[in-house]
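Have a look at the structure below before the remarks.
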Amino acid sequence: MSPTGNGRRVPALPRRVVQPLRKLSRASHPARMVVIGFALAVLVGTVLLMLPISAQHGTTNWVTALFTSTSAVCVTGLIVVDTAGHWSTFGELVILGLIQVGGLGIMTLASLLGMLVVRRLGLRMRRNAQTETKSLGLGDIRSVIAGVIALSLTIELLISCALTARFVYGYGQPLGHAAYFGVFHAVSAFNNAGFSLYPDSLQRYATDPLVCLPVLFAVIIGGLGFPVLFEIGRKLRGKRRRWTLHAKVTLNTYAALLLIGVCVFLGFEWNNPETLGSFETGGKLMAGVFHGVTPRTAGFTTVDVGEINSTTMLVNDVLMFIGGGSAGTSGGIKVTTFALLAFVILTEVRGEYQVHVLHRKLPTSVQRQALAVVLVAVGMVFTATLVLLMLTPFGLDAVLFESVSAFGTVGLSTGITDHLPQLGELVLTALMFTGRLGPITMASALALRERGRRYDLPEERPIVG
């Protein structure tokens, strides 16, 4: 019995009712809500893509629909059927919508809907949006959400106009056709999705800077992450005098990795007749720059990735695994995680006690989080690669490349994706989903509750190394 406000006692709820309510309460943790939101989006997309109206001929089996839906929501770009050849216009629009939803984030869209309907956000909704956008405070969630939506639509509109104009005036395409292709590829590029309506991705435009450069601009802007973009905007408007540590680490590391990617691709592929060797000098530079950027999880190609050298492929594995900026449209472990671990290693090599990054002390909790993200990511990629090696006759180079591309939500492929068995497709589907949400988000979503240890244990130092 439990007391009421007037002193009366009412029967307590039975355990079979209380337990589900407790589980529901636990499921409302922001990280779990993000996972649930993305899972629902994937489920809805799968159902829509299985409809007869979504395919040009007949219906699509559930594995193919699930794979495509996950690839779109997780803004990956890996495909098992040709996008333009298999899907109808309705199916392509479904994919485009899933890319946009996945790029902006389920919780961002849900929060926007709450703003429009009730004109205010509850604390729980703000926490959910904070988890998705990586905002540092609850008070500025509304401005963050509005900024994310406005920035995304503005960049996509600008890139759409640039591509549409090029398709119309450079290639003589009808305005309606050019606009449709321009919008699709602009949304796919900004969200780092890599979906293309051309069967050869963008290989037909490999030497055309008026197509490749707008796509690269969208990829880089989307891959930096919204917090960095907001800070750049405030800096340009004179509202911020000093860069935050996150922005400095992201911009410096991102730029360094872009330079490494371009130099490696140009250096190792310059004379490869199957990739850059068939182009003139200008075309080689354009394609080399393009493919130096695409490992930032872009997914578009202007040369046949299956024909690149093993050395180039290995470097691309590393770049795809690192990915782009936090709270952006790119995947991977994120450039900040990679940079912070580099500073941790440097500190150990120097024999110092505290980790300092650009004149700032790095909290121990951040170090543990970065290490956990990398180790969980390595474990997932290793497991997926091992399973695919057992299921398929393909070599380690191609299988590892495919696994890292799926985890990093990159979308680059050596051409083996559509030759995988259904179980192999399901393995990559799971890898894309966990790669988009992040190992830590997934782990915290599956945990029943947070536990804090109220006591400490005696210290003992094992031998390391």
When you check residue 282 against the structure, is it over 29 Å from the mean Cα position of the chain (by Cα) and not in a loop (DSSP other than H, G, I, E, B), yes or no?
yes
Hey, residue 277 exposed (fewer than 15 other Cβ atoms within 10 Å of the Cβ) and not in a helix (DSSP H, G or I) or not
yes
Residue ID - farthest from residue 153 (Cα to Cα), chosen from residues in the range 329-360 that are of a type in the set (S, T, N, Q), surrounded by 11 or more Cβ atoms within 10 Å (Cβ to Cβ) and without any contact (Cβ under 8 Å) to a residue 40 or more places away in the chain:
347
Exception for residue 112 within (1) modelled with pLDDT of 55 or more; (2) in a helix (DSSP H, G or I) falls at (1)
Sort out which residues of the range 242-289 are more than 19 Å from residue 213 (Cα to Cα), small (Gly, Ala, Ser) and in contact (Cβ under 8 Å) with a residue 12 or more places away in the chain, and write them in order of number.
247
Cβ pairs under 6 Å, 6+ apart, first in the range 392-412 and in a loop (DSSP other than H, G, I, E, B), second buried (at least 24 other Cβ atoms within 10 Å of the Cβ) and among the hydroxyl-bearing types (Ser, Thr, Tyr)
408/297; 409/76; 409/297; 410/297; 411/76; 412/405
Result of the Cβ filter at 7 Å on the range 217-241, keeping first residues that are open to solvent by 60 Å² or more (accessible area, probe 1.4 Å) and partners that are assigned to a loop (DSSP other than H, G, I, E, B), at least 6 apart or interchain, is 234/240
If residue 232 passes every condition in (1) in contact with a Lys or Arg (Cβ under 8 Å, 6 or more places away or on another chain); (2) closer than 27 Å to residue 186 by Cβ but one, which one does it miss?
(1)
Answer yes or no as to whether residue 143 is hydroxyl-bearing (Ser, Thr, Tyr), more than 21 Å from residue 75 (Cβ to Cβ) and either open to solvent by 60 Å² or more (accessible area, probe 1.4 Å) or assigned to a helix (DSSP H, G or I) (or both).
yes
Pick from the range 146-199, criterion closer than 30 Å to residue 230 by Cβ and more than 25 Å from the chain's Cα centre (by Cα), ranking: surrounded by the most Cβ atoms within 10 Å (Cβ to Cβ)
164
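The values are calculated or read from the model by the stated rules, or taken from the named source; none is laboratory data. Small disclaimer: the values here were computed from a predicted structure and weren't measured. FYI the Cβ positions are ideal-geometry reconstructions off the backbone, even for glycines, and counts take in every protein chain you see. For the accessible areas, the whole protein counts, side chains as well, though only heavy atoms, and no ligand, DNA or RNA atoms are used. Shrake-Rupley method; radii C 1.70, N 1.55, O 1.52, S 1.80 Å.
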